[in-house]
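Novice: The structure's right below; bear with me while I get my questions together.
The values are calculated or read from the model by the stated rules, or taken from the named source; none is laboratory data. Computed from a predicted model, the values in this text were never measured in an experiment. Cβ atoms come from the backbone with ideal geometry, glycine included; neighbour counts cover every protein chain shown. Quick note on the areas: whole protein, heavy atoms, side chains included, nothing else; ligands and nucleic acids left out. Shrake-Rupley method; radii C 1.70, N 1.55, O 1.52, S 1.80 Å.
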Amino acid sequence: MDRTRGDGGRGRAGQEAATPGPVTRLLRDLVEAPPDERGDTWEKWLRPGAVVGRFELVREIGRGGFGVVWEARDRELGRAVAFKAVRAAGPAGRREERLLQEAELAARLSHPNIVTLHDVGRSEHGPYLVLELLRGRTLADALARGALPPREAIRVGVEVAGALAHAHARGVVHRDLKPGNVFLQDQGPAKVLDFGLAHAFGRRKEDGGTPDYMAPEQCRGAPEDERTDVFALGVILYRSLTGELPFADGGSAARRFRAPAAVEVPGAPGLGPLLARMLARDPVQRPRDGGEVLEALAAVQRDLERRPATGPAAAVRTRPRTRRRASRAPPAIAVLPFVNLSAAADDAHLGDALAEEVIGALARIEGLRVVARSSSFAFRGQSQDLRRVAQALNVQTVLEGSVQRAGDRLRVGTQLVDAAGGFHLWAERFDRRMEDVFAIQDEIARNVARALSLLLAEGARPAGARPPADVRAYDFYLRGRHFVRQTRRASLRFAGEMFARACEIDPGYALAHAGTAEAMALLGMYYPTGGADLALADAESARALELAPDLAEAHAARGLTLFQLGRPEEAERTFERAEALDPGLGEAFYYHGRICFQAGRFEEAARLFQTASRVREDHQAAFFAAQATEALGRHDEARALYARALEVAERYMDLNPDDPRAATGRGVSLCRLGRVEEGLRWAEQALAIDPQDAGVRYNVACLCAQAGRIERSLDLLQEAVQAGFGTRAWLERDPDLAPLRGLARFEALLAGMQA
């Protein structure tokens with residue numbers, strides 16, 4: 001994936017294309033050739049009957065931004081192909097390594113909605129590509145006659161989104177998506193042409209004169225990623241539906257400041273808002289990649305197909321958006337993890353915790369866009385060029401800081417920086433007692449708000465989440481939150497101890513009681529060894545609600561406890577209350593999704609898991625969203641969601657390299673995407689991180705089952721179950737274990753488990 005998001009170009013493209021392939025070698029030859037050898041001699045030679053290698057030209061069938069296409073005959077295989085004579089335009093210097101890798105990956109793409117590249121070579125006349133021969137016309141030709149019927153426009157959009165989802169999951173960005181690069185076959189699905197190759201051969205869209213489909217960041221020369229393609233598809237879909245471009249004032253980059261007219265299609269209420277997001281000027285406000293677009297467009301398509309096919313066609317309407325005076329993009333900020341300067345290793349959590357609290361407070365300021373923790377924390381431990389950070393995260397301002405504890409004293413240094421100008425908007429150092437940490441958090445948030453000319457919203461701190469009477473309770477609570485996220489047995493036990501210490505110090509601290517209940521209920525979920533853990537979860541979740549009836553975390557912990565106590569209907573109502581109190585509490589949606597999944601209600605489970613993944617960017621939620629979608633038989637959507645789960649797991653592992661759950665989640669996603677050997681390597685890494693944890697063994701067993709290593713899977717699964725992991729109800733539903741079902745050894749294992 002194009003890694004403008006902060007991994008320094010170490011994405012999957014670099015991993016898979018470490019050995020130069022034919023496209024890479026060809027591009028390097030062209031780049032390093034003397035200028036007089038980069039000329040284009042094809043035009044003098046292209047004619048019917050001409051032969052290059054084993055290909056005999058038949059007739060010219062088209063011209064594109066970087067080549068002339070002929071129908072040709074493969075004289076060895078006896079098949080008709082498309083022969084593309086490439087006009088090389090190599091720059092004087094060596095081309096970017098990432099671009100070479102991406103071009104090589106593009107050559108390997110295999111998807112029903114992407115044209116197949118058969119061969120690549122170079123003759124005395126210049127370089128050439130050999131592709132599958134398509135019969136039909138381009139979308140550009142079709143749109144020259146006007147808009148498409150809504151059903152056809154959305155069908156084409158879904159198929160193009162499918163191509164983007166496949167490519168984006170493999171690290172390839174098109175960068176030149178336009179109607180001329182979408183081919184409508186006479187028989188068969190739409191095909192996307194020139195994936196990643198026009199750019200690699202030195203032909204950017206500016207050269208081709210098609211700025212109408214360029215994203216704003218392309219117009220200003222900023223870094224491009226998957227959202228560049230999302231914007232281009234939005235323009236294509238808008239024009240396919242309305243017959244007009246969304247931005248009517250030509251190729252000026254300034255047009256991107258004006259919102260297009262809203263599109264309304266009867267029977268497809270989700271289409272207009274989706275198009276508005278795809279065409280957002282700010283890339284962060286667009287769907288993340290082709291997978292997310294595919295998911296949303298497929299839902300729109302299903303809505304439209306529910307309308308009677310025999311009735312009148314749905315008429316597309318456009319409605320001008322209300323114009324605002326002095327409209328400008330909302331201010332955006334990234335909070336980097338605070339550098340921990342404390343001598344004690346046990347204080348390592350302080351910097352992250354303080355930054356997280358500030359992120360939470362800022363997120364409640366109306367009109368301020370705050371980058372998610374998982375994105376901003378990806379820059380942990382790097383020598384910061386704040387301008388690069390801001391550009392990667394698409395923000396104007398960056399908050400960074402440091403924290404140091406000595407005894408009961410806490411020293412916090414912060415600075416708010418205008419990244420473009422490099423000057424400080426605000427900076428301050430706090431040297432206070434540890435119990436003043438809550439005041440410090442609030443003061444930082446208020447000063448940032450003041451510096452950005454905003455007002456801090458009322459109720460910035462969550463309802464019921466009052467600070468504890470003793471700051472030591474808060475310290476133990478933070479430690480508990482850090483470990484409960486790991487969901488390993490030892491981690492959950494330790495988290496429970498930390499929450500219990502917080503409750504001992506301040507018996508009225510509702511968040512700590514909720515944390516205890518969550519840790520104990522999770523132990524009951526993953527390691528059901530008896531009733532003591534659930535009894536404690538029951539008591540502690542009830543106490544949390546008694547102390548803070550409007551605390552969303554208390555309702556989420558109570559819902560999880562009720563679920564484990566076998567009261568799913570009550571649990572669902574409790575989760576719904578938590579979701580209403582705090583729509584940003586991902587845990588509520590995630591645990592609610594597990595209830596629906598276990599009950600076989602996969603449609604609801606998929607929706608809840610996707611919401612959980614979106615609000616807290618959690619790799620487990622993203623993976624379960626893919627599983628639930630696959631269980632519904634929607635395999636293309638599921639594949640796109642597995643690609644998203646893989647991306648989230650990779651980012652999570654950047655922040656938590658020693659978390660074996662992320663390693664196995666990454667491995668299973670890779671297997672589901674066809675990258676089996678790579679997935680198995682991650683399984684072995686997970687076992688090396690924590691060879692004793694039964695949950696890790698269960699996850700690796702799932703991965704081995706998917707990879708066809710049946711005996712290895714059964715061995716690990718038996719070890720996990722014998723160590724007390726899991727319930728029969730979950731194993732019976734887990735799609736990862738489908739290859740084991742019906743085997744005598746697996747059925748015997750189930751028979752010996754509790755329900």
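Novice: Is it the case that residue 501 is part of a helix (DSSP H, G or I) and open to solvent by less than 50 Å² (accessible area, probe 1.4 Å)?
Specialist: no
Novice: Within the range 179-187, is there a residue that is more than 19 Å from the chain's Cα centre (by Cα) and among the β-branched types (Val, Ile, Thr)?
Specialist: The answer is yes, given that some residue of the range 179-187 is more than 19 Å from the chain's Cα centre (by Cα) and among the β-branched types (Val, Ile, Thr).
Novice: Right, another one. Does residue 384 fit the bill of being open to solvent by 40 Å² or more (accessible area, probe 1.4 Å) and at pLDDT 65 or above? Talk me through it step by step, then tell me what you get.
Specialist: Details: open to solvent by 40 Å² or more (accessible area, probe 1.4 Å): yes; at pLDDT 65 or above: no.
So residue 384 fails the test.
Novice: Among (1) modelled with pLDDT of 85 or more; (2) open to solvent by less than 10 Å² (accessible area, probe 1.4 Å); (3) touching an Asp or Glu at 6+ places or on another chain (Cβ under 7 Å), there is one condition residue 697 misses while meeting the rest; what is its number?
Specialist: (2)
Novice: Related question: Can you find a residue in the range 602-622 that is among the hydroxyl-bearing types (Ser, Thr, Tyr) and surrounded by fewer than 24 Cβ atoms within 10 Å (Cβ to Cβ)?
Specialist: Yes: the range 602-622 contains one or more residues that are among the hydroxyl-bearing types (Ser, Thr, Tyr) and surrounded by fewer than 24 Cβ atoms within 10 Å (Cβ to Cβ).
Novice: Determine which member of the set 553, 540, 546 is under 34 Å from the mean Cα position of the chain (by Cα) and more than 22 Å from residue 599 (Cα to Cα).
Specialist: Result: 553 is the single residue among 553, 540, 546 that is under 34 Å from the mean Cα position of the chain (by Cα) and more than 22 Å from residue 599 (Cα to Cα).
Novice: If you go through the range 598-612, how many residues are part of a helix (DSSP H, G or I) and either over 19 Å from residue 525 (Cα atoms) or at pLDDT below 90 (or both)?
Specialist: Here is the first cut: in the range 598-612, the ones part of a helix (DSSP H, G or I) are 598, 602-612.
So of that shortlist, the ones also either over 19 Å from residue 525 (Cα atoms) or at pLDDT below 90 (or both) come out as 598, 602-604, 606-607, 610-612.
Matching residues across the range 598-612 total 9.
Novice: While we're looking at this one, here's another question. Just to verify a result, which residue in the range 85-125, among those that are open to solvent by less than 10 Å² (accessible area, probe 1.4 Å) and under 23 Å from residue 50 (Cβ atoms), is modelled with the lowest pLDDT?
Specialist: 86
Novice: Would you point out the residue of the range 559-575, among those that are over 28 Å from the mean Cα position of the chain (by Cα) and either among the aliphatic types (A, V, I, L, M) or farther than 19 Å from residue 599 by Cα (or both), that is most open to solvent (accessible area, probe 1.4 Å)?
Specialist: 565
Novice: Can I ask one more? What's the number of the condition residue 666 fails, among (1) at pLDDT below 85; (2) under 22 Å from residue 372 (Cα atoms)?
Specialist: Failing condition for residue 666: (1).
Novice: Report, ordered by the first and then the second residue, all pairs with beta carbons closer than 8 Å, sequence separation of six or more or different chains, a first member in the range 167-186 that is free of Cβ contacts under 8 Å to residues at least 12 places away in the same chain, and a second member that is of a type in the set (A, V, I, L, M, F, W, C).
Specialist: Matching pairs, first to second residue: none at all.
Novice: If you don't mind, another one. Could you please find all residues in the range 707-755 being hydrophobic (A, V, I, L, M, F, W, C), surrounded by fewer than 19 Cβ atoms within 10 Å (Cβ to Cβ) and within 31 Å of the chain's Cα centre (by Cα)?
Specialist: 710, 729, 730, 738
Novice: Condition first: outside any helix (DSSP H, G or I) and modelled with pLDDT of 90 or more. Can you find one or more residues in the range 192-211 that meet it?
Specialist: Yes, the range 192-211 contains a residue that is outside any helix (DSSP H, G or I) and modelled with pLDDT of 90 or more.
Novice: Find all pairs meeting these conditions: Cβ atoms under 7 angstrom apart; at least six residues apart or on different chains; first residue within the range 368-390 and in a loop (DSSP other than H, G, I, E, B); second residue modelled with pLDDT under 70.
Specialist: Close Cβ pairs (under 7 Å, with a partner that is modelled with pLDDT under 70) amount to 368/330; 368/452; 368/454; 372/617; 380/655.
Novice: Additional query: Within the range 37-50, take every residue that is over 8 Å from residue 125 (Cβ atoms) and touching a Lys or Arg at 6+ places or on another chain (Cβ under 8 Å) and give me the one that is modelled with the highest pLDDT.
Specialist: Restricting to residues being over 8 Å from residue 125 (Cβ atoms) and touching a Lys or Arg at 6+ places or on another chain (Cβ under 8 Å), the top hit is 48.
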